[in-house]
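Only the coordinates and a few stated rules stand behind these numbers; no lab work does. It should be emphasised that the depicted structure is a prediction, and the values quoted were computed from it without experimental measurement. Cβ sites come from the backbone with ideal geometry, for glycine too, and all protein chains shown count toward neighbours.
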Amino acid sequence: MKKVYLFLLLLSSLASVLAQKNKVNLIVGTYTNSCYSKGIYVYEFDTNKAQIRLKKSSDSISNPSYLSLSKDEKFIYAVNENGKESTVSSFSFDAASGKASFMNNVSSKGADPCYIINDDKNVIVANYSGGNISVFGKKEDGSLAEAKQVIQHYGKGVNAQRQEKPHVHMVYFSPDKKYVLSNDLGTDKVYVYNYNPTATDGVLSLKDSVSVKAGSGPRHLTFSKNGKYVYLLQELDGSLTTFSYQEGKLTQINETSILAKNYNGTFSSADIHVSPNGKFLYASNRGDANSITFFKISGKGKKLTWKGQVSTLGKGPRNFVIDPTGKFLLVGHQYTNDIVIFKINKRKGTLMDTKKRFDLCSPVCLVFAK
């Protein structure tokens, strides 16, 4: 009897461990000026059942619209998007409880920061209205030091309303962390910077830049799974451009669109991600479209083939994320104030509504812990 009891206890313990392995943290940044939000929310997400449980929310923080989690998952860095008064904040993060504790903030050195990345040494921010990039060092406790470099972009584009000046929309590490790529919606360019993380100044130095179609408005990009190709999504015309990539050099090889044929409504391309298995690419669109278009990736990353498009079932799919297992895709809707969960068919890339969604004020950045 004692052996049976011990065996059952072992099975129970094993089941508990396996259940915990299926649960990961989902961290969400929000706007706080359009509805009630405390700022940063941490959820437990079950990658088997697509179930969500709120763990913690931050103390009231102003517009932490984009977030970046440190590699060791001990810190969260957030932009605080407030025009010319914008800041960047650091938080210590307890992954077990989900609690994010404010540490400090510093000026973003540019208006309306809209993207943020970090590594062991630095935090790098794209300032949209400021048209510049700011680099911040990390103190020993993980908090932010004052900016040690600010790079200003110059120029404008053909769209007088949206491209009247530079609008830096993204900063993104190359897979080997040797370079930082930056999309400028205002100048129709992608900049590539050499990255020297230990430099006291001159952390970023310009290596190259590539121009895209006038008026297209580069917004977000991502790499193929093998790191040999870059996929660039343009906000203003719906273009999706493929580049070959080698040692910081981008060469355009193909271009398609995320818009359906004969589409006549308003649109505003938003976010782009590759599935964890590297087989499919997904891109979201706002305006009247409110859709996700998906493509099959072939030719070791070189070729994109349109496979379909689905409604995101809400308004303003500014950001979406794929869970680490590749089973589910979660869409944050800025204007209908919810997050909708789709199931991914790993073989076909298709998206199916799980009928699971949860309300949250103006979600605009979704980040899964690893």
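Kindly indicate the residue of region 314-326 that is surrounded by 17 or more Cβ atoms within 10 Å (Cβ to Cβ) and not small (G, A, S) and also nearest to T350 (Cα to Cα) among those meeting that condition.
Here is the first cut: in region 314-326, the ones surrounded by 17 or more Cβ atoms within 10 Å (Cβ to Cβ) are 314, 316-323.
From what is left, the residues that are not small (G, A, S) are 317-323.
Numbers: P317: 18, R318: 20, N319: 18, F320: 15, V321: 15, I322: 13, D323: 15 Å.
Result: I322.
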Consider N118 carefully, then state whether it is polar (S, T, N, Q), touching a residue at least 12 places away in the same chain (Cβ under 8 Å) and more than 25 Å from L330 (Cβ to Cβ). no
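Given V364, V331, which one is under 26 Å from Y77 (Cβ atoms), free of Cβ contacts under 8 Å to residues at least 60 places away in the same chain and surrounded by 19 or more Cβ atoms within 10 Å (Cβ to Cβ)? Before you say what the answer is, go through the steps one by one.
Details: V364 fails: free of Cβ contacts under 8 Å to residues at least 60 places away in the same chain.
Only one candidate qualifies: V331.
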Among V106, V88, V42, V79, the single one that is farther than 30 Å from L185 by Cβ, among the β-branched types (V, I, T) and touching a Ser or Thr at 6+ places or on another chain (Cβ under 8 Å) is V42
Scanning region 228-262 for residues that are charged (D, E, K, R) and within 19 Å of V192 (Cα to Cα), the one surrounded by the fewest Cβ atoms within 10 Å (Cβ to Cβ) turns out to be E247
Within region 187-208, of all residues that are in contact with a strand residue (DSSP E or B) (Cβ under 8 Å, 6 or more places away or on another chain) and of a type in the set (G, A, S), the one nearest to V158 (Cα to Cα) is S205
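From the list N118, N127, N132, N48, which residue is over 25 Å from N33 (Cα atoms), in contact with a Lys or Arg (Cβ under 9 Å, 6 or more places away or on another chain), buried (at least 20 other Cβ atoms within 10 Å of the Cβ) and of a type outside the set (F, W, Y)? Steps first, answer last, please.
Values: N127 fails: over 25 Å from N33 (Cα atoms); N132 fails: over 25 Å from N33 (Cα atoms); N48 fails: buried (at least 20 other Cβ atoms within 10 Å of the Cβ).
The match here is N118.
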When restricted to L232, L236, the only residue part of a strand (DSSP E or B) and either within 15 Å of N183 (Cβ to Cβ) or charged (D, E, K, R) (or both) is L232
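Take the residues in region 209-226 that are touching a strand residue (DSSP E or B) at 6+ places or on another chain (Cβ under 7 Å) and assigned to a loop (DSSP other than H, G, I, E, B); name whichever of them is nearest to N264 (Cα to Cα). Don't jump to the end; show me each part of the working.
Taking region 209-226 and keeping what is touching a strand residue (DSSP E or B) at 6+ places or on another chain (Cβ under 7 Å), we get 209-213, 216-225.
Now restrict to residues that are assigned to a loop (DSSP other than H, G, I, E, B): 212-213, 216-217, 224-225.
Numbers: V212: 23, K213: 20, S216: 17, G217: 19, S224: 30, K225: 33 Å.
It comes out as S216.
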Residue hits (region 44-65; over 27 Å from H169 (Cβ atoms), within 21 Å of the chain's Cα centre (by Cα) and assigned to a loop (DSSP other than H, G, I, E, B)) are T47, A50
Just one listed residue, out of T251, T242, T200, is β-branched (V, I, T), out of contact with any helix residue (DSSP H, G or I) (no Cβ under 6 Å at 6 or more places or on another chain) and in a loop (DSSP other than H, G, I, E, B), and it is T200
Selection from region 156-195 of residues of a type in the set (S, T, N, Q) and either more than 30 Å from A100 (Cβ to Cβ) or part of a strand (DSSP E or B) (or both) yields N159, Q161, Q163, S182, N183, T187, N194
Being touching a residue at least 60 places away in the same chain (Cβ under 8 Å), closer than 17 Å to F173 by Cβ, touching an Asp or Glu at 6+ places or on another chain (Cβ under 8 Å) and not aliphatic (A, V, I, L, M) narrows G248, G217, G227 down to just G248
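Of the residues that make up region 272-282, is at least one farther than 22 Å from L67 by Cβ and among the aromatic types (F, W, Y)? Break it down into steps so the answer makes sense when it comes.
Taking region 272-282 first, the residues farther than 22 Å from L67 by Cβ are 277-281.
So of that shortlist, the ones also among the aromatic types (F, W, Y) come out as 280.
Looking through region 272-282, at least one residue is farther than 22 Å from L67 by Cβ and among the aromatic types (F, W, Y).
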Going through (1) under 24 Å from A283 (Cα atoms); (2) of a type outside the set (D, E); (3) in contact with a strand residue (DSSP E or B) (Cβ under 6 Å, 6 or more places away or on another chain) one by one, H153 fails only at (1)
If we keep only residues of region 130-155 that are assigned to a loop (DSSP other than H, G, I, E, B) and in contact (Cβ under 8 Å) with a residue 12 or more places away in the chain, then the residue farthest from N196 (Cα to Cα) is G155
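Take the residues in region 81-96 that are in a loop (DSSP other than H, G, I, E, B) and of a type in the set (A, V, I, L, M), then tell me which one is nearest to S362 (Cα to Cα). Write out each step before concluding.
Going residue by residue through region 81-96, those that are in a loop (DSSP other than H, G, I, E, B) are 81-82, 86, 95-96.
Subsequent filtering for residues that are of a type in the set (A, V, I, L, M) retains 95-96.
On the way: A95: 23, A96: 25 Å.
Filtering first and then ranking leaves A95.
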